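The values are calculated or read from the model by the stated rules, or taken from the named source; none is laboratory data. None of the values given here were measured: they were computed from a predicted structure. For neighbour counting, all protein chains shown are included, and Cβ atoms are generated from backbone atoms with ideal geometry for every residue, glycine included.
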Amino acid sequence: MNGSLLYKICLIFLLLMAASQSFANNIIEGNLGSKIQGEVILKFNYPWSMSFIDNDHLLVATKPGKLWLVDSFGSKTEVKNIMNVQYGGQGGMGDVVPHPNYKKNKYIYLSYITSDDGGTTRYAVVDRAKLSDLSSPKLENRQRIWEQFPAVKGKGHFSHKIAFGPKGSEHENKIFITSGDRQMQTPAQKWDTNFGKIIRLTDDGSVPNDNPFKSKGDLAKTFWTTGHRNALGIAFDQENNLWANEMGPKHGDELNLIVPGSNYGWPLVSEGNHYNGAIIPSHDTRPEFTQPVQYWVPTLAPSGLTFYHGNEFKEWQGQALLGGLKGKSLVRLKFKNKKVIEEERFSWRVRVRDVEVQKSGPIWVIEDGSNARLIKFSSSN
């Protein structure tokens, strides 16, 4: 290798290192002019979700099957006694969410992929467990809350995102779980499988008496809504409205206001088309199906969803924040009368997997991939 080539390689390496290390001082400007300042905290191997259990501690779940406790100083500790997961494709360790009364009951809820036949068929589950000692974290008293049914071949469209109903609302102590169509499409419209549904249960896994489909069978008693494809974000806003975003087929990703008993139409309608070019009728052609509040063509590939609360970005109170995988951005949505009136994207050309808001106000984002960064965003003012 000649000296000139070696010099160029070293220079490129140093520039890449400097770019990574100086991200803490980077100010990212959205397409509408808002500015946020990022600080890289840690890196993870294929993270899939994260949740704050208090203002100073964050849980990060990685798809290969690890759970990490991150403190406000940027150190991470591996949580022990984790369940075995079926890792591969879109599956592995999934969501992690604390119970709203975590401070008292110490419960956290985790979704993941498992198998009863060595991986030939797979299904998503949700367990709850106690995480009490943060100095030496481990899961204890694990209990099964929910299972995707049936187990089928394939490694995609599990969804398995989790949201809890807000305290003081009609959904207090209720858990909502997104269940994807497992890339089979038609089960989203059937009553004998929970594929393509949003599930509503009590926090111990029992079925609430006021679920909308009690007359459709024992399995359907757990359904809150039907006709979903692959919902990778679910969250309540400050007015106790439930929202979910989901991947469309070829384009046509959706943001939906989740209303009990509603059918969102997949695979009979969509704002996108099949990957083979086959046309799917739009929602306008079938008024019996609930239309999305927002859809994206070309695709955004929306991932984690939350609503802003805090003092760091006061002008964003109540606005939605979501990650874009294909869109490679953090997305902010402003609403009026439950309609999106403003969309701003903050892009640094990396797939964004999940987004959370710290109680004190900063926005935390985790990227997608094998060397994904956990980034804390603060106001640049």
Review point. How about the range 200-217: which of its residues are on the phi > 0 side of the Ramachandran plot and more than 23 Å from the chain's Cα centre (by Cα)?
Key: Gly217
Point to revise | Selected residue [touching a residue at least 40 places away in the same chain (Cβ under 8 Å), closer than 26 Å to Gly65 by Cα and surrounded by fewer than 18 Cβ atoms within 10 Å (Cβ to Cβ)] from Lys167, Lys138, Lys130, Lys161 | key: Lys138
Point to revise | Failed item in (1) assigned to a loop (DSSP other than H, G, I, E, B); (2) among the aromatic types (Phe, Trp, Tyr); (3) within 23 Å of the chain's Cα centre (by Cα), with Trp191 passing the rest | key: (3)
Exercise for review: Can you work out which of the residues in the range 170-188 that are in a strand (DSSP E or B) and of a type outside the set (Ser, Thr, Tyr) is surrounded by the most Cβ atoms within 10 Å (Cβ to Cβ)?
Suggested key: Ile177
Practice item. Kindly indicate the residue of the range 288-327 that is farther than 22 Å from Asp95 by Cβ and among the charged types (D, E, K, R) and also farthest from the chain's Cα centre (by Cα) among those meeting that condition. Key: Glu288
Check your understanding: Between a first residue in the range 273-296 that is among the small types (Gly, Ala, Ser) and a second residue that is modelled with pLDDT under 95, which pairs have beta carbons less than 7 Å apart while being 6 or more apart in sequence or on different chains?
Key -> none
Exercise for review: Those residues that are touching a strand residue (DSSP E or B) at 6+ places or on another chain (Cβ under 8 Å) and either polar (S, T, N, Q) or under 19 Å from Gly252 (Cα atoms) (or both), I need them from the range 298-311; list them, please.
Suggested key: Thr299, Leu300, Ala301, Pro302, Ser303, Gly304, Leu305, Thr306
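Would you point out which residue out of Asp204, Asp133 is within 22 Å of Tyr107 (Cβ to Cβ), at pLDDT 95 or above, assigned to a loop (DSSP other than H, G, I, E, B) and out of contact with any helix residue (DSSP H, G or I) (no Cβ under 8 Å at 6 or more places or on another chain)?
Asp204
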Practice item. Sort through Asn245, Asn273, Asn241 and tell me the only one that's over 17 Å from Tyr295 (Cβ atoms) and of a type outside the set (D, E, K, R). Key: Asn241
Exercise for review: Restrict the check to the range 295-302 and report whether at least one residue is among the aromatic types (Phe, Trp, Tyr) and either closer than 24 Å to His171 by Cα or assigned to a loop (DSSP other than H, G, I, E, B) (or both).
Suggested key: no
Practice item. Mind listing whichever residues of the range 102-130 are touching a His at 6+ places or on another chain (Cβ under 6 Å) and either of a type in the set (A, V, I, L, M) or part of a loop (DSSP other than H, G, I, E, B) (or both)? Key: Ala124
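Table: residues versus (1) of a type in the set (D, E, K, R); (2) surrounded by fewer than 19 Cβ atoms within 10 Å (Cβ to Cβ); (3) touching a strand residue (DSSP E or B) at 6+ places or on another chain (Cβ under 9 Å).
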residue	(1), (2), (3)
Phe335	no, no, yes
Val340	no, yes, yes
Phe346	no, no, yes
Arg353	yes, no, yes
Lys359	yes, yes, yes
Gly369	no, yes, yes
Leu374	no, no, yes
Ser380	no, yes, yes
Practice item. Considering (1) within 21 Å of Leu333 (Cα to Cα); (2) of a type in the set (A, V, I, L, M, F, W, C); (3) buried (at least 24 other Cβ atoms within 10 Å of the Cβ), say which one Trp266 fails and leave the rest. Key: (1)
Point to revise | Residue check, Asn311 of a type in the set (S, T, N, Q) and within 23 Å of Ser34 (Cα to Cα) | key: yes
Point to revise | Unique match (being more than 27 Å from Glu239 (Cβ to Cβ), at pLDDT below 95 and hydroxyl-bearing (Ser, Thr, Tyr)) among Ser380, Ser347 | key: Ser380
Check your understanding: Looking at the range 26-101, what strands (runs of 3 or more DSSP E) fall wholly within it and have at least 3 residues that are in contact with a Lys or Arg (Cβ under 6 Å, 6 or more places away or on another chain) and either touching a residue at least 24 places away in the same chain (Cβ under 8 Å) or exposed (fewer than 14 other Cβ atoms within 10 Å of the Cβ) (or both)?
Key -> 35-44
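Residues are listed down the side, and each one gets a yes or a no for (1) surrounded by fewer than 23 Cβ atoms within 10 Å (Cβ to Cβ); (2) in contact with a helix residue (DSSP H, G or I) (Cβ under 8 Å, 6 or more places away or on another chain):
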{"site": "Pro208", "(1), (2)": "yes, no"}
{"site": "Asn211", "(1), (2)": "yes, yes"}
{"site": "Leu219", "(1), (2)": "yes, no"}
{"site": "Asn245", "(1), (2)": "no, no"}
{"site": "Lys250", "(1), (2)": "yes, no"}
{"site": "Glu254", "(1), (2)": "no, no"}
{"site": "Phe289", "(1), (2)": "yes, yes"}
Review point. For the range 308-358, what are the residues that are within 20 Å of Ala244 (Cβ to Cβ), among the small types (Gly, Ala, Ser) and in a strand (DSSP E or B)?
Key: Ala320, Gly323, Gly324, Ser329
